[in-house]
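Take a look at the structure set out below.
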Amino acid sequence: MNIPLSSYPRIVIIGGGFGGVTLAKKLSKKEVQVVLLDKNNYHTFQPLLYQVSTGGLEPDSIAYPLRKVLIGYDNFYFRLAEVDNVDPLKKKINTNIGELSYDYLVVATGSETNFFGNEEIEKNAMSMKSIPQSLNLRSLILENFEQALLTDDYHERDALMNFVIVGGGPTGVELSGALAEIKKGILPKDYPDLDTRRAQINIVQGGDCLLPGFSVQASKKAEEFLEELGVQVWKGVRVTGYNGKTVTTKTDLVFETATVVWAAGVRAVGIKGLDAEDLLAGGNRINVNEFNQVKGHPDIFAIGDIACMVTEDNPSGHPMVAQPAIQQGRLLAENLERLLARKSMKPFEYIDKGSMATIGRNKAVCDIKGYRFQGVFAWFVWMFVHLFFLIGFRNKMVVFINWVYNYIRFDREARLIIRPFKRDYSQFKD
């Protein structure tokens, strides 16, 4: 990999997400050599991927070059690579660009969509965990409306304008609200010769409430907001299959649709060599102790979504969201420094800063440190928090300007089919 030899200990970080970037920044001025590996050369601000999918933002607004994150720091190296496996005995990792030894290894590979073994749904439904996936979804949404203009068959047209979002968590709720606003404010102007009133947005939740993990007030208010926007909310319904045309469920409920977005769960992105049965917990996560050390491997750490740290308050591990990854990255930088100085490490204690979700224009729900509020004020808080955590001044300004413009004009400028998402529409003629 052309990484120079150094008298400093080499810390290899796999993954440039929230945890990996936070850790790298904290280590950048320490007496260590840091090597960051990722299959992309950019960091993605995943909470705003749904806005890329719905044309509210361009992808470069929520992406930031990983090399630029730590530009100018000594002893920092980035390599564009995909890790094939880890050899803990030899303290080496093998990648598609070669092998690399390490003194300490940090796994921060994040998560991917979990289809729970349903291959049919995985093949035909859309995911929204990366920028390419979000661009595919944006193209498909727009292409479906273009196709709806070309058919005289009402059944086919309805299927093309029918959207089913599976999963009632923050991703599903935010995407449903965004699609509902597009239907209300944009589609009638873009497609005056199409009866866009027939477009349907359905959110299907297997549990008995939306936003599980939020307060009861937030869950109920989010459902009210969605229904006000015209979204059809289906609770207690489990989706069992989707063949590209028909969504089947465990009930008699059936959807005919050209677009299914799967937002019903995530699983950790594992690595060969650290996938032994005794190392893994549910969701393909790696069991770690209170210092984020992998069991039986004191020189290997895991942080963020892939780390399962069981505590009394979190018996299934911490939530697979940004805050645990950021906090673990910060503490691990300190603990690695303490470890090198032969000092005892500090145990991780998660500080829950709350949960929030936006449902659309002037509509959001927030549960923050015992305070629960909904509506316009929650919407402004949601915007401020997301702007604060975006990486890069330019990205903050571009996103802010886009939001102001969209709010004033009730518009979404990025309605562009840059990379067409090809699919076979012939089955909808049946």
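What to note about this one:
- Given (1) open to solvent by less than 10 Å² (accessible area, probe 1.4 Å); (2) free of Cβ contacts under 8 Å to residues at least 60 places away in the same chain; (3) touching a Gly at 6+ places or on another chain (Cβ under 9 Å), index of the condition ASN284 fails: (1)
- Of residues in segment 155-180 being part of a loop (DSSP other than H, G, I, E, B) and touching a residue at least 40 places away in the same chain (Cβ under 8 Å), the one farthest from TRP382 (Cα to Cα): GLY167
- Selected residue (only one of LYS189, LYS129 is crowded, with 17+ Cβ neighbours inside 10 Å and basic (Lys, Arg)): LYS129
- When ASP195 is tested against the conditions (1) charged (D, E, K, R); (2) under 23 Å from TRP262 (Cβ atoms); (3) open to solvent by 50 Å² or more (accessible area, probe 1.4 Å), the lone failure is (2).
- Set side by side, the residues LEU37, LEU5 differ, and just one is farther than 30 Å from ILE417 by Cβ and touching a strand residue (DSSP E or B) at 6+ places or on another chain (Cβ under 7 Å), which is LEU37.
Rundown of residues vs (1) more than 27 Å from MET126 (Cα to Cα); (2) in contact with a strand residue (DSSP E or B) (Cβ under 8 Å, 6 or more places away or on another chain); (3) basic (Lys, Arg), yes/no style:
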{"site": "THR259", "(1), (2), (3)": "no, yes, no"}
{"site": "LEU274", "(1), (2), (3)": "yes, yes, no"}
{"site": "VAL294", "(1), (2), (3)": "yes, yes, no"}
{"site": "ASP299", "(1), (2), (3)": "yes, yes, no"}
{"site": "MET309", "(1), (2), (3)": "yes, yes, no"}
{"site": "PRO315", "(1), (2), (3)": "yes, no, no"}
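- Filter result for LEU332 (part of a loop (DSSP other than H, G, I, E, B), crowded, with 19+ Cβ neighbours inside 10 Å and within 24 Å of the chain's Cα centre (by Cα)): no
- Residue within segment 103-124 that is assigned to a loop (DSSP other than H, G, I, E, B) and under 15 Å from VAL34 (Cβ atoms) present: yes
- Scope segment 278-296; condition part of a loop (DSSP other than H, G, I, E, B) and among the hydrophobic types (A, V, I, L, M, F, W, C); matching residues: LEU279, ALA281, PHE291
- Counting only residues that are more than 26 Å from GLN51 (Cβ to Cβ) and of a type outside the set (A, V, I, L, M), segment 136-162 holds 8 of them.
- Being open to solvent by 30 Å² or more (accessible area, probe 1.4 Å) and not β-branched (Val, Ile, Thr) is a description that applies to TYR73.
- Residues satisfying the stated conditions in segment 125-154, i.e. touching a helix residue (DSSP H, G or I) at 6+ places or on another chain (Cβ under 7 Å), of a type in the set (A, V, I, L, M, F, W, C) and not in a helix (DSSP H, G or I): MET126, MET128
- Inspection of segment 110-121 identifies at least one residue that is open to solvent by 50 Å² or more (accessible area, probe 1.4 Å), of a type in the set (Gly, Ala, Ser) and closer than 23 Å to THR248 by Cβ.
- Elements of type strands (runs of 3 or more DSSP E) in segment 186-277, at least 1 residues being touching a helix residue (DSSP H, G or I) at 6+ places or on another chain (Cβ under 8 Å) and either touching a residue at least 40 places away in the same chain (Cβ under 8 Å) or closer than 27 Å to SER111 by Cβ (or both): 200-205, 232-235, 239-242, 254-256, 259-262, 266-268
Residues are listed down the side, and each one gets a yes or a no for (1) of a type in the set (Val, Ile, Thr); (2) more than 18 Å from the chain's Cα centre (by Cα):
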{"site": "ALA24", "(1), (2)": "no, yes"}
{"site": "ASP38", "(1), (2)": "no, no"}
{"site": "PHE45", "(1), (2)": "no, no"}
{"site": "SER53", "(1), (2)": "no, no"}
{"site": "LEU70", "(1), (2)": "no, yes"}
{"site": "TYR73", "(1), (2)": "no, yes"}
{"site": "TYR77", "(1), (2)": "no, yes"}
{"site": "VAL83", "(1), (2)": "yes, yes"}
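The values are calculated or read from the model by the stated rules, or taken from the named source; none is laboratory data. It should be emphasised that the depicted structure is a prediction, and the values quoted were computed from it without experimental measurement. Cβ coordinates were reconstructed from backbone atoms using ideal geometry, including for glycine residues, and neighbour counts include every protein chain displayed. Note: accessible area is taken over every heavy atom of the protein model, side chains too, but ligands, DNA and RNA are not part of it. Shrake-Rupley method; radii C 1.70, N 1.55, O 1.52, S 1.80 Å.
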